[in-house]
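Following: one structure in structure tokens, then a few remarks.
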Amino acid sequence: MIELRGEGVVLRAFGPDEIDVAMERIQSIPAVDLDEEAARLRRERIEHSGERNDWELMFAVEADGRLVGDVQGRCLRLAMPPGVWELGIELWDATDRGRGIGRQSIALLSSHLFEREDAIRVQATTDVNNAAMRRVLEHLGFAFEGVLRGFMPAGSGPPHDYAMYGLTKADVDSRS
């Protein structure tokens, strides 16, 4: 099991008593929208958090001793070139946002991917209107690379545009 520790933040596996909470709180696809197979796959992902599998490294985000969200690095072998990772993060409650938890989580996971998982590039996307996440990525040295127009489905409305950010191993090495 991998565990990453930062200032006030721990990235770790979900505990057995947290799996049902995570099943309901992870909103990348709301639990009410999951069919039986999708729910089974989500549970399996959560149960294997803290371990790298063929396409993902997922962690529970703990801050101040509380479970506050999840963060993932995804490296789907057939969808991305070797060494390219996509980040995702979700802090479940608005009261936990704006406190540096997301910044610390992204920094810990990115460092781990470069140092231990042979990442050559770590990238992240976010809604173009998510100014807070865009500031986090820029603060951590991710370069804004453009807008993915009509990228994220949005229920009954038109798909949302997303901003793409990237950080390369060369970027990280040049700072050292």
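Key figures
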{"read-out": "Selection from region 24-38 of residues that are under 20 Å from Ala60 (Cα atoms) and modelled with pLDDT of 75 or more", "value": "Glu24, Arg25, Ile26, Ala38"}
{"read-out": "Residues that are surrounded by 12 or more Cβ atoms within 10 Å (Cβ to Cβ) and not in a strand (DSSP E or B), drawn from region 140-161", "value": "Leu140, Gly141, Phe142"}
{"read-out": "So Ala119, is it within 18 Å of the chain's Cα centre (by Cα), closer than 21 Å to Glu90 by Cα and touching a residue at least 24 places away in the same chain (Cβ under 8 Å)", "value": "no"}
{"read-out": "Unique residue being without any contact (Cβ under 8 Å) to a residue 40 or more places away in the chain and open to solvent by 10 Å² or more (accessible area, probe 1.4 Å) when the list is Glu62, Glu86, Glu18, Glu7", "value": "Glu86"}
{"read-out": "Leu76 vs. criteria under 27 Å from Pro153 (Cα atoms) and either open to solvent by 90 Å² or more (accessible area, probe 1.4 Å) or free of Cβ contacts under 8 Å to residues at least 24 places away in the same chain (or both)", "value": "yes"}
{"read-out": "Qualifying residue in region 3-13 (condition: farther than 25 Å from Tyr165 by Cα and aliphatic (A, V, I, L, M))", "value": "yes"}
{"read-out": "Filter result (open to solvent by less than 10 Å² (accessible area, probe 1.4 Å) and farther than 25 Å from Ile120 by Cβ) within region 40-59", "value": "Ile46"}
{"read-out": "Evaluation of Met152 against (1) under 17 Å from the mean Cα position of the chain (by Cα); (2) modelled with pLDDT of 95 or more (one fails), failing number", "value": "(2)"}
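The values are calculated or read from the model by the stated rules, or taken from the named source; none is laboratory data. Source: prediction; values computed, not measured. Don't worry about glycine lacking a Cβ; one is built from the backbone with ideal geometry, like all the others, and counts go over all protein chains shown. When the accessible area is computed, the model is the full protein with side chains, heavy atoms only, and any ligands, DNA or RNA have been set aside. Shrake-Rupley method; radii C 1.70, N 1.55, O 1.52, S 1.80 Å.
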